[in-house]
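Contents: one structure, followed by commentary.
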Amino acid sequence: MSIKQQLKSMQEQLEPHVTLVAVSKTKPEADIMEAYETGQRCFGENKVQDLVTKYENLPKDIEWHFIGHLQTNKIKYIASFVSLIHAVDSVKLLNKIQSEAVKHKRIIPCLLQAKVALEDTKFGLPVEEIEAILAMRDQYPNVLFKGIMGMATNTKDVEQVVSEFEKLKSLFDKYKSQDFNELSMGMSGDWPLAIKQGSTMIRVGSTIFGTRNYK
Ligand SMILES: *Cc1c(COP(=O)(O)O)cnc(C)c1O
C-alpha cells in the first residue's frame with residue numbers, strides 16, 4: 001500500500017479523540033509531503049538535526065513532535081517551534097526546557113515518560129518520580145504538563161503489554177485535568193490495543209512509511 005492509502009485507512013479507523021502522530025524519522029521529505037497531502041499535520045522525529053532540517057524545508061502548518069530521548073544541550077535548536085516533547089525523562093531535562101522556553105518567550109508542551117516496560121534499554125521515569133515532579137510543577141511556569149508517554153515491552157505476550165498500558169493509564173487518570181489530557185502510547189505493533197486501554201495519542205511509523213533502513 002502507498003503511504004496515502006495506508007494513512008487514509010488508519011485515519012478512518014481512529015475515533016476523533018485519538019491523535020495520530022506520523023513518525024517520519026529517517027524518512028525523506030517527499031514521504032512527509034505525501035502524508036501531508038492526505039491532511040496529516042502531526043509528525044514525529046527523534047533526531048534534533050533531522051527535525052530542524054525538516055522544519056525549515058516543509059510547510060509551516062506542520063506540528064512537529066519530538067518523540068525520542070532528548071539531550072539537554074540540544075533543546076535550544078527546537079525550543080522555538082516544537083509542538084510537543086513526548087519523552088521528558090529527567091529533572092535535568094525539565095529544568096533546561098524551562099530555561100529555553102523562557103528565552104524563547106513561550107510555553108512548551110511536554111509529556112513525562114513513564115518507565116513501565118521490562119527492557120532496561122528504555123528511557124523513562126519511575127512512577128514515584130513522575131509524581132514527585134508533578135507535585136512541583138509550579139516551579140516550571142513555562143512548561144505545560146500535557147500528560148504521560150510510555151512504551152510497552154516489545155513482546156508477543158499480550159497480557160504483559162496490557163498490564164503495562166494499564167499502569168500508564170492509571171497514572172494518567174490520577175492527574176487527568178483540562179490541560180493534563182494526553183496519554184501517548186501505542187506504536188505500529190500495538191496501537192489498536194493501546195487505544196482499547198485508553199490511549200489518546202498514538203505514534204506510528206513503519207505501518208505508514210514502511211520499514212526503516214538505519215545507516
Ligand atoms: C520510532 C518510534 C515510534 C514508531 O515506531 P513504529 O514501530 O515504526 O511505529 C514510536 N515511538 C517512539 C518513541 C519511537 O522512537
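The values are calculated or read from the model by the stated rules, or taken from the named source; none is laboratory data. What you see is a predicted model, and the numbers here were worked out from it, not measured in a lab. Ideal geometry is used to build each Cβ from the backbone, glycine not excepted, and the neighbour counts take in all protein chains shown. Quick note on the areas: whole protein, heavy atoms, side chains included, nothing else; ligands and nucleic acids left out. Shrake-Rupley method; radii C 1.70, N 1.55, O 1.52, S 1.80 Å.
In plain terms, the chain from GLN178 to TYR77 could stretch by 33.4 nm, reckoned as 0.36 nm per residue minus the Cα-Cα distance. Taking every DSSP bridge with both residues inside the chain, close to 0 percent are antiparallel.
Positive end of the charge dipole of the chain (Lys, Arg +1 and Asp, Glu -1 on Cβ, about the Cα centre): tell me which of GLN5, LEU51, MET149 has its Cα farthest that way. The one lying farthest along the dipole's positive direction is LEU51. The residues packed around MET201, meaning those with a beta-carbon under 10 Å from its beta-carbon, carry a net charge of +1 if Lys and Arg are +1 and Asp and Glu are -1. What does the C-alpha gyration tensor say about the overall shape of the stretch 1-145? Classify as rounded when a/c is under 1.5, otherwise prolate if a/b is larger than b/c, or oblate. Prolate. Surface composition of the chain: carbon and sulfur make up 50 percent of the accessible area, probe 1.4 Å. Each label was represented as a point 7 Å from its Cα along the Cα-to-Cβ direction; for ALA132 and THR153 these points are 2.5 nm apart.
Each residue, ILE107 and HIS69, gets one label point 7 Å from its Cα in the Cβ direction; the gap between the two is 3.1 nm.
Accessible surface calculations at 1.4 Å, restricted to protein heavy atoms, place the stretch 18-157 at 45 Å² per residue. Remark: spin-label model distance ASN213-ALA30 equals 1.3 nm, labels positioned 7 Å along the Cα→Cβ axis.
What does the helix-only formula give at 222 nm for the chain: each DSSP H stretch with n ≥ 4 adding -39500 (n - 2.57), the total divided by the residues, and the result rounded to the nearest 500 deg cm²/dmol?
Counting only the DSSP helices, I get -11000 deg cm²/dmol.
Cross-link partners for LYS196 among the lysines, with Cα-Cα distance under 28 Å and sequence neighbours closer than 8 places in the same chain left out: LYS4, LYS8, LYS25, LYS115, LYS122, LYS146, LYS156, LYS167, LYS169, LYS174, LYS176. Net charge near THR72, counting Lys/Arg +1 and Asp/Glu -1 over other residues with Cβ under 12 Å of its Cβ? Computed value for this residue: +2.
List the DSSP H helices in the chain whose Cα atoms stretch 24 Å or more along the helix axis and whose mean Kyte-Doolittle hydropathy is at least -1.0. Those that clear 24 Å and a mean of -1.0 are 158-175.
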